[in-house]
Amino acid sequence: MLTLLQRVTQGSTMKNTDIKRLFYAHLLCVFSIILSTFVPSFFLESFSILETHLTWLCICSVSVIAVNLVLYFVVKPNVSSKRSSSSHKVARFLKCCIYFLMSCFSFHVIFVLYGAPLIELVLETFLFAVILSTFTTVPCLCLLGPNLKAWLRVFSRNGVSSIWENSLQITTIASFIGAWLGAFPIPLDWGRPWQVWPISCTLGATFGYVAGLVLSPLWIYRNRKQLTYKNN
Amino acid sequence: MRLGSGTFAACCVAIEVLGVAIFLRGFFPAPVRSSSSTEHRAELPAPEPSAGATSNWTERPSPLFSKVVIVLVDALRDDFVFGSKGVRFMPYTTHLVEEGASHSFVAEAKPPTVTMPRIKALMTGSLPGFIDIVRNLNSPVLLEDNVIGQAKAAGKRMIFYGDETWVKLFPKHFVEYDGTTSFFVSDYTEVDNNVTRHLDKVLKRGDWDVLILHYLGLDHIGHVSGPSSPLIGHKLSEMDNVLMKIHTSLLAKERDSVLPSLLVLCGDHGMSETGGHGASSAGEVNTPLILISSAFQRKPGGIRRPQRVQQTDLAATLAIGLGLPIPKDSVGSLLFPVVEGKPMREQLRFLHLNTVQLSKLLQENVPSYEKDPGFEQFKMSERLHGNWVRLYLEENRSEVLVNLGTKVIRQYLDALRTLSVSLSTQVAQYDVYSMVVGAVMVLENPARPHSKWSELELLIVFGTLGHVLSLGGSSFVEEEHQTWYFLVNTLCLALSQEICRNYFLEDDDEPPHRFPMEQGFDCAAPALQDWRGYCVPRPDRVCKRRLPSAVPGGLERWMVLASPWLILACCRLLRSLNQTGVQWAHLPDLGHWLTSSDHKAELSALAALSLLVVFVLAQRGCSPVSKGALALGLLGVYCYRVAVGNVLFPWRPDSKDISKGIIEARFVYVFVLGILFTGTKDLLKSQVLAADFKTKTVGLWEIFSGLVLLAALLSRPHNLPVLASSLLIQTVMTSFIWKPLQHSTAEITVMHYWFGQAFFYFQGNSNNIATVDISAGFVGFDAYVETPAMLLTAFATYVGPLLWACHLVHFLSSERSSSTALSHACFCYALICSVPVAVYIVLVSSLRYHLFIWSVFSPKLLYEGMHLLVTAAVCAFFTAMDRTSITTS
């Protein structure tokens, strides 16, 4: 009886520290986005999100990828990394790069299928695909590795097996919803500069991602009593 | 017999159709219109009434003014001229109003207070109703009898500078014009300088009879910074200077000519306190109307309040002033002060002409016109007028004549006022009673209870709700096709995700863990499910779904995985076939490329290929006889297009003989009727003989393919790929998605509805009346025959929703053995079609005074009404099929 109680309390404290780490990691991501919005204006002249949108997209994407990689090496949320040779690691890294590129291209194709212009504005569309991949595919790659089956498992109902995967699910879906909702203002006749393709969508995706980052630790913390994972 | 839920739904839709009809009747009041067409311009004016004696004055009265200048300042509110602003910023005008030879009025504009209807009201004297727009199929040219047209016919030379709406309304009437566009609201100097720069030259030349100036700057200032902005004052002084310049120049010219000239200053509508316009607040409807001419008597000092008149009165006054017939549809009455200085006989003549015109209009629009008080007054004053003329001709020059004349004038003015009021009230009010009754009848439908729904179906309804709510925004109505393309794409992606999960996670098919977190997830994140697809099933349903279908292997598995992407690619191609909507309608599309005469060969190849695909896909379910008929019919369609000159035979690439293709089209009609007849026969056979289930399926498919053949005949050749891909998508969905994944009836119904809507827009339709393809109504006919033309046009317009609904009936009755499937589908279909209409009617009622009510919301309302009628027909078909299945079982 006593041992059981001990195990339960131990589990809950472990979970609490885990949630704390998750929260700090997410805060770091949010800060990277905020910094990428404000810092470049000190170095680049006439930098603004709307007017030099593509520059901002590149900077934001690079900084979010960098923070994700740093987090991957520092926090190491997945303990499953077995003893593997360096060549194995290099192969794994290359595979991740290929996956990232493929996801960019497939997002691009999906945007074109959704009605983005095929020939004009290719760069804009592609950078939107890149930023959406940054918000969705890169965290997946960091957390789950290039393993499609694990991805499918995480993104089907009740497939998550840790709070990290749970937060990953929430942020990814939030980014998608943000991008999806971001398309709605485009047909409105307000003539605002942010209604131009793909600004509203990229902004929507960014807001969705940030919202996911902020909300997921809170949501997990609120529901920590109900959450039990298979492997924990 | 038990009344199924499907029958109930069909009845509800029928009631809703009635409700919408009543609503439309109330929303679009029939305008007061003279039935005689505009052709008989040479008609003689009504002769002077003369009791017994013969009058020697039968020709039209001569003009009162040699030159007329109309200065129309957009959004000129009455207090800008008559109020304190006018005193401060428009000194010259104020001087003219108070002491000069002028008459000033406050003219009331009727809502919608938007420029184009107001220009129409000023020039025709009628109150434009929406039904005109429908009648003219959005043709911007003003076809009704109007002052400008009359002046053109009388050989007057007219010049126009200003808002290009005028140039669109009167494209061939002006000898010289320069239209300025009102597109850039933030520009309020250049737009007016472009008008004023012509002024000096034109005033010096003087080789014109009518000069119209329309200044937009004031309206733009109002939109940008409101009526209390300091910019308003500057603009008003600018307008004052313009008026002074014109007036002095006219006075200088007048010395050479016999007749005086007339200068009119008016506004088309006012400005609300926020600077906008379109609704009916006092600031928006009250505009100044100032007539300046040396013919008028100088008023002795003393400020009088300007008289209140209707905006429509200007047309009649201008017509009299220029010696033209009064526009036939005018409901306005002559502004009497204008003719006050004329001899008594002329005054009476003018009043008589005006009353005759109004009473004629009343006779044609009111059945019991004889009881109308205005008409009685008219008859009496005409009698008195006759007596006066007899006395006058008898050279009786006594006091009696003057007294009688004054009495007649008073009588006439009373008659005019009564007539004008009774004609205006015919149109001005929305028929609120009908609107309420209609809305209540429509609303009662969605409020009925329904059978239990799974969460999945609720998700689909959320997608529909998003669409319904978007109908409140004018841009979303204009670009509704984007909403549907977006929803259909999302649906396909969701299907793809479902398929992937079903196929790739099969291997570790352990019983799903029912985590306690599921509860929390359900409440906290419904939005997540919304994105993840409208069709994400619950885990228990996944298991249920997968069990009956054995895991398909190899090729079929890949086909299933690829099918959503195939459909997405198809949709993307179709989307670039016809650009519709408003904002992006001007972009080049494949349809224009194909229809240009340089690409006839490509169009022919594409049409032939599409017809081939249609044949291959449509013949599968038919009996051998219908197969042959279908093949011949599709060949006939191609021959028809060759005969009409749209496409070419490869062996006769440069034939020039173009006919109406009547023989070919009728040849196809024969096969359409034949196939439909065979299908109906099969259906009846299956019912009467209680024959096997297969006969019914074949019969339904034959009806479907008969409709496909008709659609192939009616749709324009570059739209044949739409038809082919519709069949292709139906086939792919049937065999690779609906059958293996075993969706529920409601889901399949909603998917059919969404695709039907998307195909409505794929073929180039929009929510604008102008995109209706009327040519479909003439296929196979020598001349215009009303009933078939209307039926064929309606079919050709709604071919997408109709074919998908028809496919739904066939699919359900061939796949689902349970007899309730059809009635359930009918219920869902009726619900999902009628909810948008119901909500839209409420929206439109509340947006009655919106700026875009005529241009955006009203056409959409007509489309919705027509769509509901089509839905009712579909539901009737469903119910009939449902009955057959009940009797069979």
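Within region B:464-507, the residues that satisfy the criterion of being without any contact (Cβ under 8 Å) to a residue 12 or more places away in the chain, outside any helix (DSSP H, G or I) and either over 30 Å from B:LEU555 (Cα atoms) or of a type in the set (D, E, K, R) (or both) are B:GLY473, B:ASP507. Here B:ALA569 clears all of (1) within 37 Å of the chain's Cα centre (by Cα); (2) closer than 24 Å to B:PHE671 by Cα; (3) of a type in the set (A, V, I, L, M); (4) surrounded by fewer than 21 Cβ atoms within 10 Å (Cβ to Cβ) except the condition numbered (2). Look through A:SER156, A:SER63, A:SER106, A:SER86 and report the one residue that is within 24 Å of A:LEU28 (Cβ to Cβ) and either among the small types (Gly, Ala, Ser) or touching a residue at least 40 places away in the same chain (Cβ under 8 Å) (or both). Exactly one of A:SER156, A:SER63, A:SER106, A:SER86 is within 24 Å of A:LEU28 (Cβ to Cβ) and either among the small types (Gly, Ala, Ser) or touching a residue at least 40 places away in the same chain (Cβ under 8 Å) (or both), namely A:SER63. Every listed requirement among (1) surrounded by fewer than 21 Cβ atoms within 10 Å (Cβ to Cβ); (2) among the aromatic types (Phe, Trp, Tyr); (3) more than 10 Å from chain B (Cβ to nearest Cβ) is met by A:TYR209 save one, (1). A Cβ distance below 6 Å, combined with a sequence gap of six or more or placement on separate chains, defines the contacts here; from region B:733-748, residues that are closer than 17 Å to B:SER813 by Cβ and of a type in the set (Val, Ile, Thr) reach residues that are modelled with pLDDT of 85 or more and surrounded by fewer than 22 Cβ atoms within 10 Å (Cβ to Cβ) in the pairs B:ILE748/B:TRP738. Exactly one residue out of B:SER261, B:SER257 is of a type in the set (S, T, N, Q), touching a residue at least 24 places away in the same chain (Cβ under 8 Å) and surrounded by fewer than 16 Cβ atoms within 10 Å (Cβ to Cβ), and it is B:SER257.
Of the residues examined, B:PRO343 is not one that is within 20 Å of B:LEU243 (Cβ to Cβ) and surrounded by fewer than 21 Cβ atoms within 10 Å (Cβ to Cβ).
Among the residues of region B:361-412, just one is outside any helix (DSSP H, G or I) and of a type in the set (A, V, I, L, M), namely B:VAL366. Does B:GLY283 satisfy the criteria of being buried (at least 20 other Cβ atoms within 10 Å of the Cβ), at negative phi, in contact with a His (Cβ under 8 Å, 6 or more places away or on another chain) and small (Gly, Ala, Ser)? Considered against the rule, which asks whether it is buried (at least 20 other Cβ atoms within 10 Å of the Cβ), at negative phi, in contact with a His (Cβ under 8 Å, 6 or more places away or on another chain) and small (Gly, Ala, Ser), B:GLY283 comes out as no. For region B:672-693, the condition holds for no residue, the condition being that it is surrounded by 17 or more Cβ atoms within 10 Å (Cβ to Cβ), at pLDDT 90 or above and aromatic (Phe, Trp, Tyr).
For region B:111-127, indicate whether the set of residues that are part of a strand (DSSP E or B) and hydrophobic (A, V, I, L, M, F, W, C) is non-empty. For region B:111-127, residues part of a strand (DSSP E or B) and hydrophobic (A, V, I, L, M, F, W, C): absent. Counting only residues that are buried (at least 19 other Cβ atoms within 10 Å of the Cβ) and either of a type outside the set (A, V, I, L, M) or more than 39 Å from the chain's Cα centre (by Cα) (or both), region B:635-645 holds 4 of them.
Across region B:618-634, the number of residues qualifying as part of a helix (DSSP H, G or I), surrounded by fewer than 19 Cβ atoms within 10 Å (Cβ to Cβ) and in contact with a helix residue (DSSP H, G or I) (Cβ under 8 Å, 6 or more places away or on another chain) comes to 3. In region B:463-481, the condition of being within 11 Å of chain A (Cβ to nearest Cβ), in contact with a Pro (Cβ under 6 Å, 6 or more places away or on another chain) and modelled with pLDDT of 75 or more is met by at least one residue. The residue of region B:508-524 that is modelled with the highest pLDDT, among those that are facing chain A (nearest Cβ under 10 Å) and in a loop (DSSP other than H, G, I, E, B), is B:ASP508. Filtering region A:128-183 to residues that are under 19 Å from A:PHE111 (Cβ atoms), within 11 Å of chain B (Cβ to nearest Cβ) and assigned to a helix (DSSP H, G or I) leaves A:THR172, A:ILE173, A:ALA174, A:SER175, A:PHE176, A:ILE177, A:GLY178, A:ALA179, A:TRP180, A:LEU181. Would you confirm whether or not region A:194-202 contains a residue that is within 11 Å of chain B (Cβ to nearest Cβ) and within 28 Å of A:ILE163 (Cα to Cα)? No; the residues of region A:194-202 include none that is within 11 Å of chain B (Cβ to nearest Cβ) and within 28 Å of A:ILE163 (Cα to Cα). The single residue among B:VAL785, B:VAL842, B:VAL856 that is surrounded by fewer than 17 Cβ atoms within 10 Å (Cβ to Cβ) and in contact (Cβ under 8 Å) with a residue 12 or more places away in the chain turns out to be B:VAL842. Among the residues of region B:562-591, those that are out of contact with any Gly (no Cβ under 7 Å at 6 or more places or on another chain), away from chain A (no Cβ under 13 Å) and at pLDDT 85 or above comprise B:ALA562, B:SER563. Note on region B:221-275: residues that are in a loop (DSSP other than H, G, I, E, B) and among the hydrophobic types (A, V, I, L, M, F, W, C) total 3.
Going by what's in this entry, would A:PHE107 be described as within 14 Å of chain B (Cβ to nearest Cβ) and not basic (Lys, Arg)? In short, yes. Listed by position, the helices (runs of 4 or more DSSP H) contained in region B:771-876 that have at least 1 residues being under 24 Å from B:TYR669 (Cα atoms) are B:786-797, B:799-815. For B:SER766, state whether it is assigned to a loop (DSSP other than H, G, I, E, B) and either among the aliphatic types (A, V, I, L, M) or crowded, with 24+ Cβ neighbours inside 10 Å (or both). Yes; evaluated as a whole, the condition is true for this residue. Listed by first and then second residue, the pairs linking a residue in region A:183-194 that is surrounded by 17 or more Cβ atoms within 10 Å (Cβ to Cβ) to a residue that is part of a loop (DSSP other than H, G, I, E, B), with Cβ atoms under 7 Å apart and 6 or more places separating them unless they lie on different chains, are A:ILE186/A:TRP197; A:PRO187/B:GLU479; A:PRO187/B:GLN583; A:LEU188/B:GLY473. Residues in region B:276-296 that are of a type outside the set (A, V, I, L, M, F, W, C) and part of a loop (DSSP other than H, G, I, E, B): B:GLY276, B:HIS277, B:GLY278, B:SER280, B:SER281, B:SER294. For B:THR695, the criteria (1) in a helix (DSSP H, G or I); (2) out of contact with any Asp or Glu (no Cβ under 8 Å at 6 or more places or on another chain) hold in every case but one, which is (2).
The values are calculated or read from the model by the stated rules, or taken from the named source; none is laboratory data. These numbers were taken from a predicted model, which means no experiment stands behind them. Counting neighbours? That spans all protein chains shown, and the Cβs are built from the backbone with ideal geometry, glycine included.
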